[in-house]
Amino acid sequence: FYYSNMTPQKSNFNSGVWQRLEQSVKDDVCSDTLYVVTGAIFDGKHDSSIESTTTDKSGNRCAVPSHYYKALLRTKSGNTGKAIKDITKASDLQAIAVLMKHVSYSTSLQSSDIISIEELEEITGVTFFPAINDAIEAEVKRQKNRSAWSF
């Protein structure tokens, strides 16, 4: 971990719904690899309810993310012993993304927070999980079945 990996977070976001999401992802143990990409989006200009900057203890201005996300990918069974690139059936993979507005959540993760990897790629401009077999990539990246995950 590096300091560049750190961003200012609202305490009741970080110690609440985001912390519960992170813990459930950590608890999702499988024999195969679980790929997790976590990131922040700095788009405060489109939401006036989110501060776009804050001041650190030294008086420096720091950007505040407007959203946080997680992109997740794993094999469905969790024990194929295969690399993601060697999976040839979309139904053998599970993919999902969570995109959360950086606000105080009074409850748990909402269904509106669940999106597909495809949607997250459109929002961020980032290509996630490029090792997915090209023949099944689009189908996998459209998945967003929350019941397939432990959160």
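The values are calculated or read from the model by the stated rules, or taken from the named source; none is laboratory data. Source: prediction; values computed, not measured. No Cβ is skipped: glycine too gets one built from the backbone with ideal geometry, and neighbour counts run over all protein chains shown. Just so you know, the surface numbers come from the protein's heavy atoms only, side chains and all, with ligands and any DNA or RNA stripped out. Shrake-Rupley method; radii C 1.70, N 1.55, O 1.52, S 1.80 Å.
Taking a cut-off of 22 Å between Cα atoms, list the lysines near Lys26, but don't count ones fewer than 8 places away on the same chain.
Lys10, Lys70, Lys76, Lys82, Lys101, Lys141, Lys144
Could you report the chain's accessible area per residue, 1.4 Å probe, as an integer in Å²? Working shown, then result.
Working: 8950 Å² over 151 residues.
Roughly 59 Å² per residue, with all protein chains present.
Would you mind calculating the gained length between Thr107 and Gln23 on full extension (0.36 nm times residue separation, minus the Cα-Cα distance), in nm to one decimal?
On the way: separation 84, 0.36 × 84 = 30.24 nm, distance 1.60 nm.
Working it through step by step, the gained length comes to 28.6 nm.
Output the peptides 28-37, 96-105, 132-141 sorted from most to least packed, where packing is the average of other Cβ atoms within 10 Å over each peptide's residues.
Numbers: 28-37: 13.7, 96-105: 19.7, 132-141: 16.2.
Listed from highest to lowest mean packing, they are 96-105, 132-141, 28-37.
In Å, what is the Rg of the alpha-carbon atoms in the chain, and how long is Dmax?
Cα-based Rg and Dmax for the chain come out at 16.6, 53 Å.
Suppose only helical runs count, i.e. DSSP H with n ≥ 4. What mean residue ellipticity at 222 nm does that imply for the chain under -39500 (n - 2.57) per run, divided by all residues and rounded to the nearest 500 deg cm²/dmol? Please report the intermediate quantities before stating the final value.
Details: 3 runs with 23 residues, N = 151.
Mean residue ellipticity, 222 nm, calculated: -4000 deg cm²/dmol.
Go through Tyr68, Thr127, Ser15 and say which Cα lies farthest out towards the positive end of the charge dipole of the chain; charges sit on Cβ, +1 for Lys and Arg, -1 for Asp and Glu.
Highest projection toward the positive end goes to Ser15.
Please name whichever of Thr33, Ile84, Ser108 sits farthest to the positive end of the charge dipole of the chain, dipole taken about the Cα centre and charges placed at Cβ: Lys and Arg +1, Asp and Glu -1.
Working it through, the farthest residue towards the positive pole turns out to be Ser108.
To the nearest 0.05, what FRET efficiency results for Ala131 and Gln9 with a Förster distance of 35 Å applied to their C-beta separation?
On the way: r = 30 Å, r/R0 = 0.86.
The value I calculate is 0.70.
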